[in-house]
1. Relative to the Cα centre, what is the charge dipole magnitude of the chain, using +1 at the beta carbon of each Lys and Arg, -1 at the beta carbon of each Asp and Glu, and rounding to the nearest 20 debye?
2. Rounded to two decimals, what ratio of Rg to Rh does the chain give with C-alpha atoms and a Kirkwood Rh?
3. Taking amide H atoms as placed 1.01 Å from N in the peptide plane, list the residues 5 or more away in sequence, or in a different chain, whose amide H sits under 5 Å from that of Asp56.
4. Report the full-extension gain for the segment Leu3 to Asp48: residue separation times 0.36 nm, less the Cα-Cα distance, to one decimal in nm.
5. Find how many whole Å separate the alpha carbon centroid of the range 37-76 from the alpha carbon centroid of the range 81-107.
6. Apply the Karplus curve 6.51 cos²θ - 1.76 cosθ + 1.60, θ = phi - 60°, to the phi angles in the range 53-70 and return the couplings in whole Hz, x for Gly and Pro.
7. Once both labels are modelled 7 Å past Cα along the beta-carbon direction, what's the Asp40-Arg87 spacing in nm?
8. Mind listing the long-range amide H neighbours of Asp12? Cut-off is under 5 Å, sequence gap 5 or more, other chains count too, H placed in the peptide plane at 1.01 Å from N.
Amino acid sequence: DNLRGVELLGVDLSRVDLRQVDLTGTDFRGAVNLPEAILDNLRGAILDGTDFSGVDLAGVNFDGVAWKGCSLAGCKNLAKAKIDNFRGANLAGVDLNEVDLDGVDLT
């Protein structure tokens, strides 16, 4: 399946299974009900300004993601996500105690 480069502004993601879907370049800004979507691979997605509060991130691959202005406060299982960078992410209020930051770009 392929949603490469699709803009999800206003799209209701309630109960949408996005596992094993190519989301490279997919724009999640303005997507509705993201916490109810089933995710596993957001590699290369455009997440600028996305609010991840309430989203279960266990097992989600975020390699190469653009985080500009994203909020991760209130997300679930961040420590179980695969992340190579937090460039531009808003980490205010985020519990990083269990997150392995070895090799993660924090600039």
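1. Charge dipole of the chain: 100 debye, to the nearest 20.
2. My calculation puts Rg/Rh at 0.93.
3. Amide H neighbours of Asp56: Lys76.
4. Extra length from Leu3 to Asp48 when fully extended: 14.5 nm.
5. 11 Å
6. 4, x, 7, 7, 9, 4, x, 7, 8, 10, 4, x, 7, 8, 9, 3, x, 5
7. Calculated label separation equals 2.8 nm.
8. Under 5 Å from the amide H of Asp12: Val32.
The values are calculated or read from the model by the stated rules, or taken from the named source; none is laboratory data. The structure displayed is predicted, hence computed values, not measured ones. Every residue, glycine as well, gets a Cβ built from its backbone with ideal geometry; the counts of neighbours run over all protein chains shown. Remember, those area values only see protein heavy atoms, side chains included, never the ligands or the DNA or RNA. Shrake-Rupley method; radii C 1.70, N 1.55, O 1.52, S 1.80 Å.
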